[in-house]
1. Which helices count as membrane-span-like in the chain under these terms: full DSSP H, at least 27 Å along the axis by C-alpha, Kyte-Doolittle mean of 0.0 or more?
2. What distance in nm separates the simple spin-label points at residue 115 and residue 409, each placed 7 Å from Cα in the Cβ direction?
3. Take region 74-426, compute every pairwise Cα distance, and split them into 10 Å bins from 0; I just need the percent in each bin.
4. Which of 236, 262, 83 ends up with the largest GNM mean-square fluctuation for the chain, with Cα atoms connected below 10 Å?
5. Give the cross-link partners of residue 54 among the lysines, using a straight C-alpha distance below 21 Å as the criterion and excluding same-chain residues fewer than 8 apart.
6. Considering only DSSP states other than H, G, I, E and B, which trypsin sites (Lys or Arg not before Pro) in region 211-286 qualify as loop sites with at most 13 other Cβ atoms within 10 Å?
7. Where Lys and Arg each count +1 and Asp and Glu each count -1, what net charge lies around residue 57 among other residues with Cβ under 11 Å from its Cβ?
8. By a straight-distance test (C-alpha under 25 Å), which lysines pair with residue 101 as possible cross-link partners, with residues fewer than eight away in the same chain excluded?
Amino acid sequence: MTTRFIILTLVLLSTFLVIFGQIVPQSEPNYDENKVPKFELPDPLTTFAGKKIKTPGKWIKERRPELLAFFSENVYGKVPCKIPVHQWEVVEQSDHALDGKACRKQVDLIFKKDNHALRFTILMYLPKEIEKAPLFLGYNFYGNHTITNDPNVLISPAWTRNNESLGIVNHQLTEASRGVRANRWPVEKIIHAGYGLATIFYCEVDPDRDDFSDGIHPFCYVEDQQIPAADEWGAISAWAWGLSRAMDYFEQDKDVDASKVIVFGHSRLGKTALWAGAQDERFSAVISNNSGCGGAALSKRRFGETIARINTAFPHWFCKNFNKYNDNEDALPVDQHELIALIAPRPVYVASAEKDLWADPRGEFLAAYFATPVYELFGKKGISSQEMPPVNQPIHNTVAYHIRSGEHDVTDFDWEQYIKWANKQLLNK
Ligand code: GTR
């Protein structure tokens, strides 16, 4: 073999990796606890300059802002401009939803700036007998009409990924997908427990694709800008922004107790719920359901999905700066336990599923454990042992955790725990 031939082979090989790098993983993900690398976890109660934080006041004034700024500029990306709700419009409502047990409202939030316009619909079910209801708020993956068989729920026109089995063709949601995700949203159970449910189709805020010309991002572009700058918002940050705008609306809806809004999310939307809850202290509690990498799981464990993998498969989710940590987790001066700590002293629930190894259940548990010192600083109870609880045996402290049997999903078991825990944490029941 001549040298020229070897060089040519190498060039072709590297081109192959660049072109196909997005689809062909270059190494197998690690699922072996013995192969988790040694790593040092940053102490949430020590500032970047090395100062120990010993009081809630110092946490609030010194440590919380610097952590928040780091996550904002290097992980999720900051929202570069203010986009207030221009107007809301109740597009549909009824006092006779769920066989008369609930009121239903569909409210559009409308945004306008220069030549940009966007609207998204909040679908709400509120228990009839409660004057101002506490509320679970969460995004759904496939449209509001998929969470229930209620024929009155409107079908969103937003772009979404095709999925024939869910009746999504030509990137449009259809009647065929009504109710297909009802298994993840036990609306009656939630209403019966005395809570309202509010949900939004996440693609209405920003379609889930590597395209920054649609959704809310263009509202903040300056001059010829076409994509967010390296420290500006990716999709998760945009979705988190949307949850805060929903909160703006709830604050003036007399049927909602805005001091008791629990933000919930599954998977990528669990990452979103954590980031929304970390930033916006109006959310009184946060639930991360199987949120995994870039959510509740510790990145430095490199177990299952890693930063490099997530940034390759979903280049639009995080800000560009986050790529600095691809296969370079040791350089990261924070980890996801500090994202959870940013929610303190408000209640936070981290939930894993036994078979969801891609999301690293142990990494999710340890993040809750290592966030606990910040909660303790506020006199709150978190996770006190590094030993994971047995499957299906939840810990319901201010920092809560469970690992349930089964797959990556949202189940009735999950919701039963969330309701029980919210009763205890927010309603003292
Ligand atoms: C997976 C991704 C996870 C998780 C999941 C989801 O493909 O790797 O991080 O977010 O999607 O959101 O369903």
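Here, each number is a calculation from the coordinates, and none is a lab measurement. In this text the structure is predicted, and so the values were computed from the model without any measurement. Glycine also receives a Cβ, built like all others from the backbone with ideal geometry; neighbour counts cover every protein chain displayed.
1. On the way: long enough: none.
Taking the DSSP H segments of the chain (at least 27 Å long, mean hydropathy at least 0.0), we get none.
2. Modelled inter-label distance: 4.8 nm.
3. 6, 26, 36, 25, 7, 0
4. Evaluated over the chain, the most mobile residue of the options is 83.
5. 380, 381
6. Values: sites: 245, 254, 260, 268, 271, 282; in loops: 254, 282.
Answer in residue order: 254.
7. Details: positive: 54, 58, 61, 63, 64; negative: 62.
Its environment carries a net charge of +4.
8. Partners within reach: 128, 132, 189, 254, 260, 420, 424, 429.
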